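Enquirer: Pasting in a structure now, in structure tokens, and then I'll have a few things to ask.
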Amino acid sequence: MTTPPPHILAPAPVERACRSAWHETSCTTLDPAERAALAALSRWLDEPELPYAILHGPRASRRAVVAAHLVRAQNEGVAYGAQFVPIGPDLRLERDILALLVSRVLSDYAGGEPRLLRRQIAKEHLRVGPTENEPSLLLAITDVEEAEPLVAWPALFSAVGPRVKVLATVEGDDAAARAWLQRLGFDPARTQIHPLPVRPWPTSGDPAELLATAGAASAKLLGLLSVAYGRLPEDEITAALGAPIEGALAGIEPLVTAVDGTYAFRSNAARREVEERLVLGARETSTRQLLALPPDGYPCAYVRAHMEQSDAPLQAFAALVTEEHLARWMARPEAYLGFVADLERVRRRAVVVLPVGREATALAVRAALVEASLNWCARRKDHDAPVGVEPINRQKRIADERDQARALTALGAAMTAGPARAEVLAWAADAARRIPETEFRGDVLLSLAECAGGETGYAFAREALAAFRTTENAEDRAHQMLVATGALPPEEGVAVAREALRSLRDGGGDPGDIEVFARHFPRAVAEALWPEAETLPGPARARALAALARVLGDPERVRAAFGAVEQHLEPYDLAEHWTLARLVPHLDAPEARRAAALAPQFGEQADELIESLIPRLRALGDPADDLIEALPAAPRVRALARSLPFAAEPARLLARIDEAIQQAEPRDRYGLRMFDVGPWFAARGDSDTLLAAVGPLSDAGRLGAFGFLARHDPVHAPELVRQALPLALRFGADEPDRLLDLVPLARHFPPEGAAAAFGLLLDALAGDFRHAALAGDGVTLVKLAPLIAALAGDEGLAGAAREVVQVAAWFP
């Protein structure tokens, strides 16, 4: 075999298909027209500006033969390392083509799902090209029209390196060849197209004549082979025929090849000639016979392709996302890669029907979570094993109950009140109670309390408090109890808050720490703690009173708190700067002026404090011009922008802001105008004026501006989101965070755009470990809740929640 040895073997069925195709094509003698085409392609290899070529011709033309001879000729030299990628009767599915490309192109294969492998092939090899010490690369891909739909050619070939050549062969005329340019991702201006003339079928091998004269058994065998997506072993053929294969082969030998006890058509052309001559009923009968074979054989590997081809209902695809289907795949040569490839196609199928079928949401989520679970369990330990072999270790538990509970809580929170929501929250509570860490268990139960509300919420809060009380460290225990106060009934919250404050005061920590937790306090708790806070010593008293004053908002208490802060101020203390800054929105004019006088004591943080004081002073009628003029340009813009909502003369203030922006550093001007001044324009419904002022933007800049303004401009939010979504989809899988940033606005997505966004984001989610996919920092089910709600409402949210529970039971 005159092709370079693979870096690593493809799965056995793929290697067998390649070996058979190479034998059939590379040893065939060329006729004059084929030799001329070979010579033209050889000259194409010397054209550095033309990385792509298409060889096309009628069905009976031997395009693959010419491609194989080009590969052989190049591998007999030193300039090119040529690889033969034969799409054929036994190598048509995306996963198999991908496995072949991985084995021939990637030098460093560590496993992974099809999406990752496509990205590695494209970005790490084809777009970069061979190293200086390696020969140039030629990929000869034959009969691309035979590949199943949705094979992601453009993702692979839309950008190739300077020493990479890609040849594709296509059935049809020049128009058919040009139609394939976009499908393959070839640049028309950099593609050479070569024709092959009509060529008659060989006298002894005309498929139409052989089919017309074939006996019943032979016709039945041809029917089976014509609809099959892979080579059929003899035992499966015998089972489908109900008779030995020898009799069926009689008279049709020129059409069929036998390799290692498996059978397939000798060429794509012969297969298609036979398939097109079969009536629909005969094709359907042949397919049913193949899918009735034992489920661990042909049906395991190819049932998904047949379901897609026949446009089976979505419910049928659910059988591919089961433990039984996984077990069958893991016993096959394609193993992990085969199963995960099915998961990816099921997700894509579900996303296609999302706009018209809400039940698709659950299946798409299930397929994504199963893949994320496998990412935790699958490990490629034998690096010499064929592509796709990644054993699954189920002994190490995923143990992500906390993340399950967080995801279920987020899904439940997005639902409307009712029995379905109650059931989802019950699942969340069950997962929360299984969290071994006390603090995490209590935190999730508090989130459930907030979500559930009413008596059910109080019950969750008491359960959280009980968990927190078991914390050994007294300070941590007191802090956790303070967090729980807001979710308890008022009288219980007051008692718990007093108990926690006493613990901190009596040696269990710093009682001033209630400042950190005051945002959780209801008014009754703040009122009850005020007298006790007044008795605290020094700085702790100042911090506690400031925190409680923010909750109460009483001017007298705010003045008392400010006096305490002023009395115990320590220069350059960042904690005290934080305390004072958080009190600023509640200060009256005299205290705000005194706070401005204190600002220099905070050194580099002084401008930040002044910046927050200016809007407060201007809201109280003090123009604060002396403070404004003392600020550098950027904080001056921010201070003035925050003053816009209560400006008596907005036009004059805007002119002043524009002047300050021009004094800022050029690199800061766009951000100041968009993100500091922008919310005021947006709140007035005047986003267009702002967009015109900031000038031309890149796609990324426009996307960021549209999304930001949509959050502040409720009137124009639908239109801004409609403009932003196509841009975010264009960045796609490479930058899913850009799309994720728009998800809180998913209620404004059009149905088709929402489905496309869901598909892209689920791909990103599926590529992570399951705990991160549920509630991590990247694309997670928690963050996708608004999108699921927009797509499928409560039904979709409940379905997604059910899959969280079921997949967790499958992969605990």
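Enquirer: Examine region 534-549 for a residue that is under 27 Å from Arg618 (Cβ atoms), surrounded by fewer than 17 Cβ atoms within 10 Å (Cβ to Cβ) and at pLDDT 90 or above, and state whether such a residue exists.
Expert: no
Enquirer: Take region 57-96 and flag every residue that is touching a Lys or Arg at 6+ places or on another chain (Cβ under 7 Å), surrounded by fewer than 24 Cβ atoms within 10 Å (Cβ to Cβ) and in a strand (DSSP E or B).
Expert: Listed by number, the list holds a single entry, Gln83.
Enquirer: Can you name the number of the only condition in (1) closer than 30 Å to Ser107 by Cβ; (2) outside any helix (DSSP H, G or I); (3) touching a strand residue (DSSP E or B) at 6+ places or on another chain (Cβ under 7 Å) that Ile193 fails?
Expert: (1)
Enquirer: Those residues that are touching a helix residue (DSSP H, G or I) at 6+ places or on another chain (Cβ under 6 Å), buried (at least 18 other Cβ atoms within 10 Å of the Cβ) and not charged (D, E, K, R), I need them from region 111-156; list them, please.
Expert: Residues satisfying the conditions are Pro114, Leu117, Ile121, Ala122, His125, Leu138, Ala140, Thr142, Val151, Trp153, Leu156.
Enquirer: For region 296-322, enumerate the residues that are within 19 Å of Pro11 (Cβ to Cβ) and either outside any helix (DSSP H, G or I) or in contact with a Lys or Arg (Cβ under 7 Å, 6 or more places away or on another chain) (or both).
Expert: If we filter region 296-322 for residues that are within 19 Å of Pro11 (Cβ to Cβ), which is where we start, we get 296-305, 320.
Asp296, Gly297, Cys300, Ala301, Arg304, Leu320 - these are the residues of region 296-322 that are within 19 Å of Pro11 (Cβ to Cβ) and either outside any helix (DSSP H, G or I) or in contact with a Lys or Arg (Cβ under 7 Å, 6 or more places away or on another chain) (or both).
Enquirer: Filter region 176-190 down to the residues that are outside any helix (DSSP H, G or I) and in contact with a strand residue (DSSP E or B) (Cβ under 7 Å, 6 or more places away or on another chain), then identify the one that is surrounded by the most Cβ atoms within 10 Å (Cβ to Cβ).
Expert: First, the residues of region 176-190 that are outside any helix (DSSP H, G or I): 185-187.
Filter again for in contact with a strand residue (DSSP E or B) (Cβ under 7 Å, 6 or more places away or on another chain), leaving 186-187.
Working: Phe186: 24, Asp187: 14.
In this case the residue turns out to be Phe186.
Enquirer: Here's a follow-up. From (1) surrounded by fewer than 20 Cβ atoms within 10 Å (Cβ to Cβ); (2) in a helix (DSSP H, G or I); (3) of a type in the set (A, V, I, L, M), pick out the condition that doesn't hold for Val715.
Expert: With respect to (1) surrounded by fewer than 20 Cβ atoms within 10 Å (Cβ to Cβ); (2) in a helix (DSSP H, G or I); (3) of a type in the set (A, V, I, L, M), Val715 is out only on (2).
Residues are listed down the side, and each one gets a yes or a no for (1) exposed (fewer than 15 other Cβ atoms within 10 Å of the Cβ); (2) at pLDDT 95 or above; (3) touching a Leu at 6+ places or on another chain (Cβ under 9 Å); (4) more than 30 Å from Arg669 (Cβ to Cβ):
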{"site": "Asp573", "(1), (2), (3), (4)": "no, no, no, yes"}
{"site": "Ala597", "(1), (2), (3), (4)": "yes, no, no, yes"}
{"site": "Pro600", "(1), (2), (3), (4)": "yes, no, no, no"}
{"site": "Leu631", "(1), (2), (3), (4)": "no, no, no, no"}
{"site": "Arg642", "(1), (2), (3), (4)": "no, no, no, no"}
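Enquirer: Only residues that are over 20 Å from Arg557 (Cβ atoms), of a type in the set (Gly, Ala, Ser) and surrounded by fewer than 21 Cβ atoms within 10 Å (Cβ to Cβ): list them for region 495-533, please.
Expert: Result: Ala495, Ser503, Gly507, Gly508, Gly509.
Enquirer: Oh, and also: Of all residues in region 205-234 being charged (D, E, K, R) and part of a helix (DSSP H, G or I), which is surrounded by the fewest Cβ atoms within 10 Å (Cβ to Cβ)?
Expert: Applying the first criterion (charged (D, E, K, R)) to region 205-234 yields 206, 209, 220, 231, 234.
Add one more test, that the residue is part of a helix (DSSP H, G or I), and what stays is 209, 220, 234.
Working: Glu209: 12, Lys220: 21, Glu234: 14.
Restricting to residues being charged (D, E, K, R) and part of a helix (DSSP H, G or I), the top hit is Glu209.
Enquirer: Given the structure, is Leu536 in a helix (DSSP H, G or I) and either of a type outside the set (Gly, Ala, Ser) or under 29 Å from Leu501 (Cα atoms) (or both)? Break it down into steps so the answer makes sense when it comes.
Expert: On the way: in a helix (DSSP H, G or I): no; either of a type outside the set (Gly, Ala, Ser) or under 29 Å from Leu501 (Cα atoms) (or both): yes.
Here the answer is no, as Leu536 does not meet what is asked.
Enquirer: Go through region 424-459 and give me each residue that's over 18 Å from Val483 (Cα atoms) and aliphatic (A, V, I, L, M).
Expert: Val424, Leu425, Ala426, Ala428, Ala429, Ala431, Ile435
The values are calculated or read from the model by the stated rules, or taken from the named source; none is laboratory data. Just so we're clear, the structure is a prediction, and the values are computed from it rather than from any experiment. A quick note on method: Cβ atoms are made from the backbone with ideal geometry, for glycine too, and the neighbour counts reach across all protein chains shown.
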